[in-house]
Structure formats: C-alpha cells, structure tokens
Amino acid sequence: MHLIQTMAALSEEVLLVVKKVRQRKQDGTLYLMAERIAWGPEGKDRFTVSHLYADTRCQKISPDGKAKIQLQLVLHTGESTTFHFSNDSSALKDRDAAKELLQQLLPKFKKKANKELEEKNRMLQEDPVLFQLYKDLVVSQVISADEFWANRLGDTNHADPSLSNNKQEVGISGAFLADIRPQTDGCNGLRYNLTADIIESIFRTYPTVKEKYCENVPHNLTEKEFWTRFFQSHYFHRDRINTGTQDIFSECAKQDEQGLKSMVVQGVKNPLVDLLSLEDKTLDEGYGVCTTLPSTSNSNRSVKESSNSAIIKRFNHHSAMVLAAGSRKGETPANQASETSNTDGNSRDSVFFQPPVKKVKLKEAIEYEDLQRENRPKTVALNLKKSDRYAHGPVPLQSQQYTTSQDIINSVNYIQHEMVNYKPNLTQVLSSTTASSAIAALSSGGVLMQAATQQAINQMVPSEVQGELKHLYAAAGELLRHFWSCFPVNTPFMEEKVTKMKSNLERFQMTKLCPFQEKIQRQYLSTNLTGHLEEMLQTAYSKFHIWQTRRMLRKT
Amino acid sequence: MLNIEGLLVHFPYDYIYPEQYSYMLELKRTLDAKGHGVLEMPSGTGKTISLLSLIVAYQKVFPLEVSKLIYCSRTVPEIEKVVEELRKLMEYYSKQTGESNNFLALALSSRKNLCIHPELMHANIVVYSYHYLLDPKIADLVSKELTKKSVVVFDEAHNIDNVCIDSMSVNISRRTLDRCQTNVETLQNTIQKIKETDATKLKMEYRRLVEGLKEANVARETDVYLSNPVLPDEILQEAVPGTIRTAEHFVGFLKRFLEYLKSRLRVHHVVQESTPQFLKDIFDKVCIDRKPLRFCAERLRSLLRTLEIADIADFSAVTLISNFATLVSTYSQGFTIIIEPFEDRTPTIANPVLHFSCMDPSIAIKPVFQRFQSVIITSGTLSPLDIYPRILDFRPVTMASFTMTLARTCLCPLIVGRGNDQVALSSKFETREDFAVIRNYGSLLQEMSAIVPDGIVAFFTSYMYMENIVAAWYEQGILENIQRNKLIFIETPDAAETSMALEKYQEACENGRGAILLSVARGKVSEGIDFVHHFGRAVIMFGVPYVYTQSRILKARLEYLRDQFQIRENDFLTFDAMRHAAQCVGRVIRGKTDYGLMIFADKRYARADKRGKLPRWIQEHISDGSLNLTVDEAVQLSKHFLRQMAQPFRQEDQLGLSLLTLEQLESEEMLKKISQIAHQT
C-alpha cells in the first residue's frame, strides 16, 4: 500500500493504489482518488474505468470465506462494476483497505448526490405532467437532462424556501428492527442487512448503543465486529435470558433498565391514568378473596415465563424510546405541563385543592359538549354531493389560497347585503339596440360564443390524438419558456444558450411536430390543429432573427 | 328547569338526552316508593349528573323524606369526577336561584387523609368509596351514624358482589400467625406492666365487660346505628363470657387459639370444611367454645382501648385473627374454609394458607339495604339485571335498562368467529395453545392496525394468556408487522410500569403516530381507564374472559350459588365473563360524539346465551350480519364504519333525536317516545 502524492497527468490527489486487481478478467491497478475511483489495465497509462463517488450508490463486498475476494460498486444508474482482488498474499487486506476508505468517502458525496437525485425523483413522481415532459424532451434527446433541470431545480428552491427549510423532523419507524430480519446465508450463518438509515434509527432510539459505538469503534472493534456482537447480544434478543459478562451491551441493558425505572419512579403526569392511585382503599393485608394471580417474584417463575415478561418489557421500552426519539427535538409541551403540576404538587391531600393538570383533566372528563349550546365560531359545513368519491379515492390537491370560514361567511353576508340594497340606476342603462346586439353576441352562434366550435373539435378528434397534442403543447411550452427566459440576452452564456435553444426548437419542430402534422393530415385533412403551435414557434424564430440581425449590426 | 312528574329539577345544561329524562323519571318513582332500584344506563349519557340533579332537587323539595345522599363510587378518579359534577350543579343552583349555596357536600377520598368530620353527620351529600359502607371494619368507624332517611347510590356497581365478598373474607398464612404471636406477646407484656403500675384500669374494664355491651345495644335499638355484620345483634344482649373477661384470660385464650391455627396449617393435602365443622373441630381439639370466639373481635378492641395503644396498625395481625374468630363463629352459612398446603403452581414450596372465604355477597350489604330507605344500584353494564337482586338478596321496586338514543350509530359491535382460513377462533381451553388460532388472532390485530386510526385497545382473558400469545406473535414476526403501523404498549403486573405505558400510549395517540395497548380483562386498566375518542377507536376482546375456574374458592362459591340461589354454575360463569367483556368493550364509547369498533373475537359470542347477556345498548346494534365474521369480512365492515364516522357530526344532527331542547322535551309525542327508552324487567 503506497500513498502517492501526485500523478502529474491528472493532478488530483490519489489516496490509495491497489495493484493486482482484476476487472473483466484483465489485470490492472485500482486507484482511489479524492473524488473518484478509477482502474487502469496493467501496462497502460490510462483508465478504462472511472466513477465519480457522487455517482456511486453503494459498495458491496463478497462474504468472508468465499474463494474470490471482490468489491462491487453500484451506481445510481443501476450499473455496477466488480473488482476482483487477486494478490494471493494480501487480497483480503487490500480489499478491506479499499472498503474502509470507500466507507469514509462515499457518505460525503452521497448526501449531496442523493439529495439532488431524490429531489428530482420526487418531482417527477409527484408531477405526471413534468414526467411526460421529461420523457418527451430528455428521453427523446431533444435537450439534455442537465438543460432540463437547469432552471427547474433552481425554481423550486427559490419559489418556496420556507418549505424546504422548515421540513418537519422525521420520526422513526416503529418497526425499524423488523427491517433487519436476519436471512440465512446458506451455510449455517445469519446475515443481517444494515443500511445507514437503520443504523441512524438504532442510534437515535438507543443512545446507549451509540455511546458504545463511539467508545469501541474503531479502536477496539471494527464496525463489522461491533454490529455482529450487537446482533448476537442479549440486548438485541431480549427474550434470551443470559447476561454474558463479556457482552459489551449488558451495560446498555442495565442503563436502559435504569432509565425505565427512573421513568416509572417519576410517575405519570396525567392523574387519570395513574393506576397506583386508582383505588381509594385497598384491603388490608390478609383480607379479601385470594385471587390466583401469578406471583411476580422471580424465584418461582419458570424460564419461559420470565422470558415472556422480558419480551413484554422490551416492547414497552422500545415503543417508549421510539416515541421519545421522535419528539426529542420539540420536547417542550409535555415538560411545561409537568412544571406547572410540580409547582403545587404538594396540594395533593385535598380533593378540593387540586393541581391544575388534574383539574383540567377532570373538567374534560365530565364535559358533555353536545349538551351545551354551541358558541364556537360559525363554520361552513362541507356539503358532499357524492360522499362516495370523498371516501374512496385520493383527489389531487390544487394549491390555492384558502380563506377561513369566517371570511367566506363575511363575504356571503356582504353579497347578500349588496343584493338587498341593490337599486337599478336607470339613467345609465344601455340603449335597446346595443342591448339586443349584446344578447345576440352572447347567444349560441354569436360572436362571443365562438368557443362552442371548439367543442365540435373536441368531439371530432379522437382522445388519443388529443392527448398527443397536449403533450406537444406541454413540450413546446417548456422549450419556449427556456427560449424566452434567455431575453434580454446580456451575457455570452445567454447568447450561447439562446442559440442552442433556437436549435432545440427547430429540432422539436422537425422530430415531433412535423410527424404529428403529417399524421393528422393523413386523417383529418381539413383541421389545422397545430396552427397555433406553429405560430408560437414562428414568433420565437422571428424574435431570434431580430436579435441576431441586431447583434450582427452591432458587431459590424 | 325540568318537570319530572311534578318535581321541578334544576338541570345545568341547555339540552338533555332523552334517556336522562327517562332515567330521572325512574329514579323519582323509586324515591317516591321509598324502595331500592337497579338502573342500567350506558356511560357517557350523563348518568351522574342526572342522579345528582334529581336527588338534590328531591332533597330540597322534600327535606323530611330524604335528608342525605350517600354517593358511592369505586375509584378515586370516579369519585373526583362526581365531586366536580356536583360543584357544577351547585354553581348552577346559585346562579339560578340567586342565593348562596346552603348545601353541604363532603367527599372522602383516600383513607390516608381520613378524618371523620362531625360534618359527615350533617352533610347533605356524602361522596366516598364503596368500602366506607360495605367494609364493616371501616363502616363502623365512618358510616354507622348516617341517618336512615338517606338515599344510597352505588355507581359503577357491576362488581359490587365482589367488593362485598372481599370485605368479609380473611386469609391466614404462616407469616400472619408469626406476626400475631409477636402481637400477643406484646399484649402480655403491656398487661403485666399496667398491672404493676395501674391495676385499677384493668379492673374498670372488667367491670364494664360484666355489664356487657349494653351501650351499643341501646344505640342500635334506638336506631342510631348502621348494624355491623361482624357484630351481630345477639352479642349486644349478652355480657362478655367469663372465660375471656379478664385481660390475662383473654390473652391466654388468644394463645390457645393461635396454637390451634398453627396446627391446622400443618397439612400436606388440601382441606375444605364448613364453619360448623371447624367449630366442632376446635372444640374437640382445644376446648374452645363458640361463645367466647364470637366476642373475640369486640373483646380485643376493648383491650386495645384500655391499654391505650396508639398505633393499632401494629396489631393488624391479631386484629385479623380475632375478626376471623368472630366471623367463623357467627355465620354457619355463606362461608367456607379451605386450607391449602402450597400454591397450585408451585407444589414443591410449602406455603400453607387458610382461606376463610365469604361466598354470599348479601351478608355484607344486608345492613345497607335494611337501614337506608332507598339504595340505587347503577352502572353502564348491569346485564342481566335480574341477577343482582338475586345474589344481593333484595327486592327492588324498579329495575330498568336504558339504551343510548343515537342520531348516528356510533358503535359497531362485530363478532369475529373465523380466521380467513375458516379456523374457528376461540380462547376456550382446548384450543388455547392451538397455533392456528393464535396466528389468526395476530392477523386480526395486524389488519386492524392498518385501518383503524389512532388508538386500538385489545383485551385478553388473562395475563398468562396474553403473555403466551405475545411471545408467539413475537416469534412469528407478527408484532413486528404491527409495529409498522402502530407502536405497541403492553400491560404488566406492575401498576407503575403500566401507568407509564398508558401515558405513552396516550401520547402516541395524541401525536398522530397511533398505538396499540394490549391489556387484560379484569385487570386495572379494564376497570378504571377510559379510552375516549381517539384514545380508543377500536377495542378487540380476544376470547371470552371466564374466571379461572380451577380455583377451589370459586368452586365453593358456585356450589353455594347453586344450592342457595338456584343459579346454575354455567349461568353465573357466563354472566361473570360477559360483564367483564362488556366492561372492556364499553371502555371505548364514552358519549354520543364518540365512536368506536367493538370486536368480539371468539365464535362463542355469537351464541344467544352469551350475546343475550350483553347490555341492551350494545346488543341492539349486533345484527345477524355481524355474527360469525371472518377476519376479512370484519375488516371490510370496519372500513365502511370508520369512513362513515369520519364525516362531520354536528349538534343539529342530534337535535330532536338524541338531544332535546326543553320545548322538544315537553311535546306529547316525545314523551311517548321517551317512555319506551326504559326497558323494564
């Protein structure tokens, strides 16, 4: 293993060089650099494989004990590249060195790449129109993906910064441990699949495990050893009743137990769920019918029973921890309640002088809201004509300015008021001829009712062609938006872009619009569906032309 | 201001539920007749405020007929709620009449701060727990001077028979006897000391005992006191027998009795005998007569008083033994003695216990029925109504069950009898370990966790059963799948731990994550915690919560019920199981604006003998179509129900149907309708 400081040709930092690495049955050398990983065949001074870390989704390694020692890189595109470490004496060591280094490097790039990729993915998934546009423009190679996203991402970021910044803290799935169900690897072993997310969940839910991790990794244990021990531990399998002394997690279990105990000792804030003070008077010792409840002393419980009760404890604990991890950031409301109750917590001895929490809870408990006349702010009832539709399918929500119920009521009242007080102003009415021509214009067939013919087209054109037309409109609109956004052209970059955009438009016309025109001309000779589209393109072309001639003039 | 058959009642709300009116009507008739009543009305229909409004109004109008209301409830929160409602009513009164309140109400809660105000005797309303009336040891201290012209209300009374039995039963273990031994020695030493310093004290006591317990007798004859079932009338007419009259003799007597009990605990097999058999044996073996035994409790109390012992709690063991002595010699019927050398579960560990079990709840409650002119037994679940007068041995003048009038059907009882694979679901003993059943139960919970919003509460028939099922579900990964939908919290035998789990459960329901609480029928949660609104949108009862039938004490009680009250064993067991099931499922519906699914997961619920024992307000919503569902069918019905319930529900929707204005209440037509709400038996 050598660290080479520079390689003149590339002038980038090389962090690790591993020799005798095979790729596609060819011997060669693997280089790990600051931003990418590369491989070159032996005896040649160029790389045939090179991947940016940012493009890499993850690395996978062959299980221990396999004959071939391999490392695989999986890219975001889904492609993968496998490297086979073939140095007899140090193959494993080489591989692990590469793995460890990658482990440190990948997350740094991952976050950035992932975030963008996720964002793009999300946008495409959420917006079917955008997705179609993407297909029309990028997949059919009218414009490149970068061009497509260039101002989209920027747009969203600028449009709504509050939305992305104020992102709600994501809680933890209650079942994150279920996602690491072990699978048998076929030779008497178990395999656990851990992802960064799961590790994060474990750390957030069980801070003691994180502490252990920080204490031990990598000084005492490798990461892998740590997790292996974790999954073998009594801590993970609470139903197993053995507390091995060398188990580093036995301490975690103890700490958890302690935490649980202190929570229990603290007691509950809501007096109505406090089972300890539920009964007014328990019978004195020795009185009462002896119910055969299983005794809770550990001495006479069977192993199975205590394992069962350990499982139950574990579930309560787990749920409590998950809940706490989810609300750790915004913890204030619960605490405030406890503070207020503590301030006069000494007043417990009288029924007539109760702490406020209790008082509030009692008041809530005896309240019959429907027996009282309502004096809440008036609301507008949701009037569903088809309640089935409401109950069954999700309806895409269109963003719009919502008004409060009170606003709506006010405006309705206002309109009503206006209507009641309406007085016709007879001096300013239309003359009868103007009025009748206005009516004629507004009747069907009239000048202002031309839209009616569109309906005819609607019915004449098959829906498939309509759909195609819509896509064309969307695509053209998108391209034109790009085009027009270049004006005023005041930087060289803009100049370049506007030229490119013009050629994009031409390409669009050639590859998309013309075939469509031919198609409909074959079927519907008379209808000119694409007239408007062409008009728009033409306008763009002439604008470009004007700009170009002006520039020429300026140059000469 | 309502007019209940001529009685003007101040009711502190703008509207009223029809069933509240109907309830007050029945209540008034009961008071008019100066008799007892059994009234069942669903919780969340404002039972407490109806009771309070009517009885307070009655007291104001007829102060000579009814001078006191004694309101008993079971748990501290319940008692506090009553106090809160009472306060609301009193505020309303002073606002309406413009006078300051001259009504005295008193609440006793928690024995730790028990101090008997003299006001107790003058208060117009007393609110406290059952024990203050039903436990003779406390009733004697607190309640014995309460006036005859009182109305006693037992709210949440569905388990009143068990409270009665508990207050009269005694268990004696080796540890009890050891502590008793120490007590007796302390007594002996104290007597010795006093004899040396102040012999006159003991002489005076002796003289008083010769004269007998006449003082008590006078009081009872003039009807000042509530009688004490531990201190029967006959004792009062007699002098304390000579054999235990002097302090030393009495201590000697106690020692002999103690030795006898010790010898009885040295057994290797289970012994069961009646009280006469026990008395015969004790006479044969140690020559202790029935008569001194009967005076034991009273004699000890006198001695402790004479010796001026401050902390009676130290002498709890000897008090227990002497109470036992009095009880065992007073009642030849209604009790059984069972001596078990070890616990059934641990036959290798010797731990002998003498159970002196009361089998007849009417013994403890008899003085209450005899003394007070009206006793009202009421609860949300008292079905079948006729069983309570039988087991408590009294003649009610009214028995009525009220339904909940609903503008929308906000409860949805479903009986799930089969899994999707057609396996019959049941918690019965034979299939208890059957894995197919456990798996199907698991898939029911899992499917429900996916469709029910916020909170789900599930009840199991016993703690052991729950533990085993939870373990099986854990092994099969069912719980993990459930965790994908909701967090899981589980009741444990530790009350503090469970309280915390409960609070976390509520927190998870509150913040929208949703949670499931696994709990146990007959447990503390099932008896005392309400799951209003989103804290319980569905409740699942896994199995039929029969009591553990192998217990000898239970067997003896069943036999007694059969012989004395002609109640068949199975009828009683089913009644008992169904009242607990009803309690469990009733926890989620706490009012008309609330809604919830009630899933009975056991095919046996479909049978008429089970279903028929559910309260009417639940029963009437079980249609033939919901009798023997598979898990899938139940899920479909539940989805439909939940969607409907999620629609807005406004006051206008209820008005005129399940909610009435004063004008609506006064219309002829409505009054006719209301008269059908009460279901008389």
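Suppose we filter B:VAL525, B:VAL547 for residues that are surrounded by 23 or more Cβ atoms within 10 Å (Cβ to Cβ) and among the β-branched types (Val, Ile, Thr); which single one remains? Talk me through it step by step, then tell me what you get.
Working: B:VAL547 fails: surrounded by 23 or more Cβ atoms within 10 Å (Cβ to Cβ).
B:VAL525 is the lone residue from the list that is surrounded by 23 or more Cβ atoms within 10 Å (Cβ to Cβ) and among the β-branched types (Val, Ile, Thr).
Just one of the numbered conditions (1) surrounded by fewer than 20 Cβ atoms within 10 Å (Cβ to Cβ); (2) closer than 27 Å to B:HIS122 by Cβ is not true of B:LEU146; which one?
Of the numbered conditions (1) surrounded by fewer than 20 Cβ atoms within 10 Å (Cβ to Cβ); (2) closer than 27 Å to B:HIS122 by Cβ, the odd one out for B:LEU146 is (1).
Since B:GLU308 meets every condition but one in (1) over 22 Å from B:GLU259 (Cβ atoms); (2) in contact (Cβ under 8 Å) with a residue 60 or more places away in the chain, which condition does it not meet?
Tallying (1) over 22 Å from B:GLU259 (Cβ atoms); (2) in contact (Cβ under 8 Å) with a residue 60 or more places away in the chain, B:GLU308 fails exactly one: (2).
I'm checking my understanding of the structure. Among residues of segment A:245-279 that are among the small types (Gly, Ala, Ser) and closer than 17 Å to A:PHE315 by Cα, which one is farthest from the other protein chains (Cβ to nearest Cβ)?
Of all residues in segment A:245-279, those among the small types (Gly, Ala, Ser) come to A:250, A:253, A:259, A:262, A:267, A:277.
Now drop any that are not closer than 17 Å to A:PHE315 by Cα, which leaves A:253, A:259.
Numbers: A:ALA253: 16, A:GLY259: 11 Å.
For segment A:245-279, the residue satisfying everything is A:ALA253.
So B:TYR17 clears everything in (1) more than 9 Å from chain A (Cβ to nearest Cβ); (2) within 27 Å of B:LYS672 (Cβ to Cβ) except one condition, right? Which one?
(1)
Go through segment B:1-107 and tell me which strands (runs of 3 or more DSSP E), entirely inside it, have 3 or more residues that are in contact (Cβ under 8 Å) with a residue 12 or more places away in the chain and within 26 Å of B:PHE372 (Cα to Cα).
On the way: elements: B:2-4, B:7-9, B:36-40, B:68-73, B:105-107.
Filter on segment B:1-107 gives B:7-9, B:36-40, B:68-73, B:105-107.
Of the numbered conditions (1) surrounded by 22 or more Cβ atoms within 10 Å (Cβ to Cβ); (2) of a type outside the set (Phe, Trp, Tyr); (3) touching a residue at least 40 places away in the same chain (Cβ under 8 Å), B:HIS533 fails exactly one; give the number of that condition.
Among (1) surrounded by 22 or more Cβ atoms within 10 Å (Cβ to Cβ); (2) of a type outside the set (Phe, Trp, Tyr); (3) touching a residue at least 40 places away in the same chain (Cβ under 8 Å), the lone unmet condition for B:HIS533 is (1).
Going through A:SER350, A:SER338 one at a time, which residue ends up being more than 10 Å from chain B (Cβ to nearest Cβ) and at pLDDT below 50? Full working, then the answer.
Values: A:SER350 fails: more than 10 Å from chain B (Cβ to nearest Cβ).
Unique residue meeting the criteria: A:SER338.
Could you grab me the full set of residues in segment B:643-665 that are touching a residue at least 60 places away in the same chain (Cβ under 8 Å), part of a helix (DSSP H, G or I) and out of contact with any helix residue (DSSP H, G or I) (no Cβ under 7 Å at 6 or more places or on another chain)?
B:GLN644, B:MET645, B:ASP653, B:LEU662
Every residue, every condition in (1) buried (at least 19 other Cβ atoms within 10 Å of the Cβ); (2) in contact with a strand residue (DSSP E or B) (Cβ under 8 Å, 6 or more places away or on another chain), yes or no:
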| position | (1), (2) |
| --- | --- |
| B:ASN628 | no, yes |
| B:MET645 | yes, no |
| B:GLY656 | no, no |
| B:LEU662 | no, yes |
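Is it the case that B:THR45 is within 14 Å of another protein chain (Cβ to nearest Cβ) and among the β-branched types (Val, Ile, Thr)? Please lay out each step first, then the result.
Values: within 14 Å of another protein chain (Cβ to nearest Cβ): yes; among the β-branched types (Val, Ile, Thr): yes.
Considered against the rule, which asks whether it is within 14 Å of another protein chain (Cβ to nearest Cβ) and among the β-branched types (Val, Ile, Thr), B:THR45 comes out as yes.
Somewhere in segment A:100-116, is a residue within 21 Å of the chain's Cα centre (by Cα), farther than 30 Å from A:PRO218 by Cβ and part of a helix (DSSP H, G or I)?
The initial filter retains those residues of segment A:100-116 that are within 21 Å of the chain's Cα centre (by Cα), namely A:106-116.
Filter again for farther than 30 Å from A:PRO218 by Cβ, leaving A:116.
The next check asks that each one be part of a helix (DSSP H, G or I); those that pass are A:116.
Checked against the condition, which is being within 21 Å of the chain's Cα centre (by Cα), farther than 30 Å from A:PRO218 by Cβ and part of a helix (DSSP H, G or I), segment A:100-116 yields at least one hit.
Among the residues in segment A:245-255, are any farther than 14 Å from B:LYS504 by Cα, modelled with pLDDT under 55 and exposed (fewer than 15 other Cβ atoms within 10 Å of the Cβ)? Working first, answer last.
Step one: list which residues in segment A:245-255 are farther than 14 Å from B:LYS504 by Cα, which gives A:245-255.
In the following step, the residues that additionally are modelled with pLDDT under 55 were identified as A:245.
Now restrict to residues that are exposed (fewer than 15 other Cβ atoms within 10 Å of the Cβ): A:245.
Yes; the residues of segment A:245-255 include at least one that is farther than 14 Å from B:LYS504 by Cα, modelled with pLDDT under 55 and exposed (fewer than 15 other Cβ atoms within 10 Å of the Cβ).
Determine whether segment B:456-463 contains at least one residue that is under 22 Å from B:GLY543 (Cα atoms), within 8 Å of chain A (Cβ to nearest Cβ) and in a helix (DSSP H, G or I).
yes
In segment A:35-70, how many residues are part of a strand (DSSP E or B) and either over 34 Å from the mean Cα position of the chain (by Cα) or of a type in the set (A, V, I, L, M, F, W, C) (or both)?
Qualifying residue count for the region: 10.
Any idea how many residues of segment B:138-176 are at the interface with chain A (Cβ under 8 Å from one of its Cβ atoms) and charged (D, E, K, R)?
Selection size over segment B:138-176: 1.
Can you pull out the residues in segment B:176-234 that are touching a Ser or Thr at 6+ places or on another chain (Cβ under 9 Å), at pLDDT 80 or above and of a type in the set (Asp, Glu)?
B:GLU205
Output the residues belonging to segment B:411-432 that are touching a residue at least 12 places away in the same chain (Cβ under 8 Å) and within 32 Å of the chain's Cα centre (by Cα).
Taking segment B:411-432 as the starting set, the residues that turn out to be touching a residue at least 12 places away in the same chain (Cβ under 8 Å) are B:411-428, B:432.
Selection gives B:LEU411, B:CYS412, B:PRO413, B:LEU414, B:ILE415, B:VAL416, B:GLY417, B:LEU425, B:SER426, B:SER427, B:LYS428, B:ARG432.
Of B:GLU85, B:GLU26, B:GLU91, which residue is modelled with pLDDT of 90 or more, within 12 Å of chain A (Cβ to nearest Cβ) and under 30 Å from B:THR593 (Cβ atoms)? Break it down stepwise before answering.
Values: B:GLU26 fails: within 12 Å of chain A (Cβ to nearest Cβ); B:GLU91 fails: within 12 Å of chain A (Cβ to nearest Cβ).
Exactly one of B:GLU85, B:GLU26, B:GLU91 is modelled with pLDDT of 90 or more, within 12 Å of chain A (Cβ to nearest Cβ) and under 30 Å from B:THR593 (Cβ atoms), namely B:GLU85.
Given the residues B:LEU120, B:LEU106, which is the only one that is over 20 Å from the mean Cα position of the chain (by Cα), surrounded by 15 or more Cβ atoms within 10 Å (Cβ to Cβ) and at pLDDT below 80? Spell out how you get there, then give the answer.
Numbers: B:LEU106 fails: at pLDDT below 80.
Answer to the selection: B:LEU120.
Within segment B:609-642, track down each residue that is assigned to a helix (DSSP H, G or I) and polar (S, T, N, Q).
As a first pass, look at segment B:609-642 and keep what is assigned to a helix (DSSP H, G or I): B:609-611, B:616-619, B:624-626, B:631-642.
Selection gives B:GLN619, B:SER626, B:GLN636, B:SER638.
For a quick check of your reading: which strands (runs of 3 or more DSSP E) sit entirely within segment B:329-430 and have at least 1 residues that are among the aromatic types (Phe, Trp, Tyr) and at pLDDT below 90? Walk me through it before giving the result.
Numbers: elements: B:335-342, B:350-358, B:374-379, B:396-402, B:411-418.
It comes to B:335-342.
Take the conditions surrounded by 11 or more Cβ atoms within 10 Å (Cβ to Cβ), among the aliphatic types (A, V, I, L, M) and at pLDDT 75 or above and apply them to A:VAL429. Does it pass?
Numbers: surrounded by 11 or more Cβ atoms within 10 Å (Cβ to Cβ): no; among the aliphatic types (A, V, I, L, M): yes; at pLDDT 75 or above: yes.
The answer is no for A:VAL429.
Select from segment B:666-681 the residues that are part of a loop (DSSP other than H, G, I, E, B) and out of contact with any Phe, Trp or Tyr (no Cβ under 9 Å at 6 or more places or on another chain) and list them in ascending order.
Step one: of segment B:666-681, the residues part of a loop (DSSP other than H, G, I, E, B) are B:667, B:675-677, B:681.
Matches in segment B:666-681: B:SER667, B:SER675, B:GLN676, B:THR681.
Can you confirm whether A:SER436 is away from chain B (no Cβ under 14 Å) and modelled with pLDDT of 85 or more? First the steps, then the outcome.
Working: away from chain B (no Cβ under 14 Å): yes; modelled with pLDDT of 85 or more: yes.
Against the criterion (away from chain B (no Cβ under 14 Å) and modelled with pLDDT of 85 or more), A:SER436 qualifies.
The values are calculated or read from the model by the stated rules, or taken from the named source; none is laboratory data. Note that the structure is predicted; figures quoted are calculated from it, not measured. With ideal geometry, Cβ positions are generated from the backbone for all residues, glycine too; neighbour counts draw on all protein chains shown.
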